[in-house]
Number of protein chains: 2
Amino acid sequence: MLSEFEIIRRFFEQPARRPARGGRTPAGAVLGIGDDAALLRPSGDMELAVSTDLLVEGTHFRAGSAPRALGHKALAVNLSDLAAMGAAPRWATLAISLPSADEAWLREFAAGFFALAARFGVELVGGDTTRGPLCICVTIAGEVPAGLALLRGGAAPGDDIWVSGELGGAALALARPEYTEVAARLEQPEPRVELGERLRGIASAAIDVSDGLAGDLRHILERSRVGARVDYESIPRPAAFGRLGDPELEMRCVLAGGDDYELLFTAPQARRKELEALGAEIGLPLTRIGAIRLGDPSLMVFDAQGRPLPVTHGYDHFAA
Amino acid sequence: MLSEFEIIRRFFEQPARRPARGGRTPAGAVLGIGDDAALLRPSGDMELAVSTDLLVEGTHFRAGSAPRALGHKALAVNLSDLAAMGAAPRWATLAISLPSADEAWLREFAAGFFALAARFGVELVGGDTTRGPLCICVTIAGEVPAGLALLRGGAAPGDDIWVSGELGGAALALARPEYTEVAARLEQPEPRVELGERLRGIASAAIDVSDGLAGDLRHILERSRVGARVDYESIPRPAAFGRLGDPELEMRCVLAGGDDYELLFTAPQARRKELEALGAEIGLPLTRIGAIRLGDPSLMVFDAQGRPLPVTHGYDHFAA
């Protein structure tokens, strides 16, 4: 059987790093995997954005999930956090517990992880491998020019509320696995890293949609101490909902479905033209879905007739 | 039941940070818990040392372990990695999965974690809380002046081999729980942070003893491409072994017992006086246990009569 040292050497010593998308070639770590800690040399004029996520079998993914998709997703959810801060990804650590050292599983998991890492210039600099239930913990660090990070607390009354891509697809894939056209939204989410970096200096607040639109927007409202109005019909959603014929499930998926990893952000009305042009340039639709308003951090969602809709909560792992 | 947001707010928003031991008062994070990522501003002339460890119930600790001790240990094992690099601890993230949001358990766990964090000036800047089997992943970042980190690869023929404190106590506590005088070595390991920082510029190589002396020394030998001779009788060990009366178990604990989190390091012979004075100054015995020699990365251990002893391996989570 493979030892934990062999596992690290064979599957997690990174293939030669390719330049990131857009031709960036950041300097590598001073020291990567193989000592007690990695050594990094952050750029002097930048702030370091750091985030960690733990994915657990049975909670975040089904037993028997495809390992390549898991490798992708474990990194993608962390990249999405950096995107929501407007940070450029640099380094990651990976701690994983596994029931057994299954070589085929490890090869596929590493392939999914490193394919995404290579696309965004992420260097795997450290890790831990142990036996146990299948748990995957990725911690990621990225850089953002000092003072330019996108925070949750900057939304102001009058700002537009925007969302990238489409919402509800991941939740639909979970609820109705037969809708295979949305399966990739759940299994292979695309972190909006480029959009996040481009929103520096434009967006007034940002978050990624991991727990559902309503819950994640509430985080912005609470931090910014403002209210919001959202037009339900304006929320972009996958075409698959057209043939679902279940308005109640559709509303749950679109308003409270997690795991879409789109960016939800606010921006002054004066930036509309700029944002429309940005969406066209990077090939990612950006849609205005409502507005920030003065008042309590409450969210009102209206239907096409202007009637308020009941708003369900975002996903909470400890909710009864 | 508590929501994951309440868990974070109630148990993991850090108490006001106290100055670290020795009066250091490092600047706090630019942004801590509560956004998509933390924002840190590393010092410009320092390298960032980063390490991650995953502790899993049933693998690293018994079901029903005291939560306060677990909170301590989850951070201690990471601090020990920084100590082995000679880095000063700064920031940590904590990702945890729990079967349920047990308030008493969380309060005790947080108390153990933050008590140790306060002693070493560590700021908890981010985390993730989810439902699942009990798994704890801490990622830590510390700072070390550029070029001064203690690596595994610097041991040279003729160097002395040193170890701090005593070895084998944690393994004895695991094998014989009735030896209560060594229980704390397993449950409340003391990371040798101050020693690590003081060894900058003195030690030629260093590692922390997490998998056992033999296995961890081999990492130094492989990275440094040298051999080693160790005198078994010179290895410091807890007095409890005196009444054990089981030389075979004693040898397994001392040579291959993990979880002691002492520092194992090498240094030129010319530094002996300095190291003896350092041990006296910081109140931590430092003991010479052998020497590095030219040749293959093999480890020879000799008894008091100069006869070679069979050397068992360090702990491997995936060994058959």
At 7 Å out from Cα toward Cβ: residue B:247 inter-copy label distances (nm, ascending): 8.5
Kindly report, to the nearest 10 Å², the accessible surface of residue A:113 as traced by a 1.4 Å probe over protein heavy atoms only. 0 Å²
List residues of the stretch B:39-67, by number, whose backbone nitrogen lies under 13 Å from a label position 7 Å along Cα→C-beta of residue B:115. B:66-67
Could you list the residues of the stretch A:198-235 with an amide nitrogen less than 15 Å from a label point located 7 Å from the Cα of residue A:300 in the Cα-to-C-beta direction? A:226-232
Spacing of the two label points (7 Å from each Cα toward its C-beta) at residue A:65 and residue A:10, in nm: 2.4 nm
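So what is the relative contact order of chain A, in percent, for Cα pairs below 8 Å that sit 6 or more residues apart?
22 percent
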Using all Cα-Cα distances in the stretch B:209-304, what percent lands in each 10 angstrom bin from 0 up to the longest? 14, 45, 34, 7
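From other protein chains only, count the Cβ atoms within 10 Å of every residue's Cβ in A:123-131, then give the mean.
Values: counts 0, 0, 3, 7, 4, 12, 3, 9, 8.
The shielding value for this peptide is 5.
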Report the one residue of A:50, B:64, B:241 whose Cα lies farthest in the direction of the positive end of the charge dipole of the protein assembly as shown (charges on C-beta: Lys and Arg +1, Asp and Glu -1; origin at the Cα centre). A:50
Restricting attention to the alpha-carbon atoms of the protein assembly as shown, what are Rg (one decimal) and Dmax (integer), both in Å? 25.9, 93
Where the label is 7 Å out from Cα toward Cβ, how close does residue A:153 come to the same position in every other copy, in nm, shortest first? 4.3
Go from 0 up to the bin containing the longest alpha carbon distance in chain B, width 10 Å each, and give me the % of pairs per bin. 6, 26, 32, 24, 10, 2, 0
For the stretch B:61-186, the Rg and Dmax computed from alpha carbons only, in angstrom: 17.0, 55
Report the label-to-label distance for residue A:309 and residue A:148 in nanometres (one decimal), using points 7 Å from each Cα along the Cα→Cβ vector. 3.6 nm
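Going from most exposed to least, what order do B:59, B:180 have by accessible area with a 1.4 Å probe?
B:180, B:59
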Could you list the square roots of 5 times each eigenvalue of the Cα gyration tensor of the stretch B:41-129, that is, the equivalent ellipsoid semi-axes, sorted largest first and rounded to whole Å? 25, 14, 12
Tell me which residues come under 5 Å, amide H to amide H, from residue A:61 once H is placed; ignore anything under 5 positions away on its chain. A:56
How high is the relative contact order of the stretch B:168-320? Use alpha-carbon pairs under 8 Å, at least six apart in sequence, and give a whole percent. 37 percent
Residue mean of other protein chain beta carbons inside 10 Å, A:133-143: 6
Under 12 Å between alpha carbons, and skipping anything fewer than 8 positions from residue A:73 in its own chain: which aspartates and glutamates qualify? A:53, A:187, A:190, A:259, A:260
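On average, how many beta carbons from a partner chain sit within 10 Å of the beta carbon of a residue in A:148-159? Write down the numbers at each step before the final one.
Numbers: counts 0, 6, 3, 5, 4, 3, 0, 0, 0, 0, 0, 0.
For peptide A:148-159, the averaged partner shielding equals 2.
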Nm distances between copies for residue B:288, ranked from closest, using label points 7 Å along Cα→Cβ: 7.8
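Ranked highest first by average number of other Cβ atoms within 10 Å, how do A:119-125, B:94-100, A:198-204 line up? Display every interim value, and only then the final one.
Numbers: A:119-125: 23.0, B:94-100: 21.3, A:198-204: 19.7.
Packing order, densest peptide first, comes out as A:119-125, B:94-100, A:198-204.
At a threshold of 8 angstrom on Cα-Cα distance, excluding pairs fewer than six apart, so keeping six or more, what relative contact order does the stretch B:19-174 reach in percent?
Numbers: 253 pairs, mean separation 54.1, N = 156.
The normalised contact order for the stretch B:19-174 reaches 35 percent.
The values are calculated or read from the model by the stated rules, or taken from the named source; none is laboratory data. Predicted model, so just to flag it, every value in this text is computed and none were measured. Glycine also receives a Cβ, built like all others from the backbone with ideal geometry; neighbour counts cover every protein chain displayed. Each accessible area value is taken on the protein alone, full model and side chains, heavy atoms only, with ligands, DNA and RNA left out. Shrake-Rupley method; radii C 1.70, N 1.55, O 1.52, S 1.80 Å.
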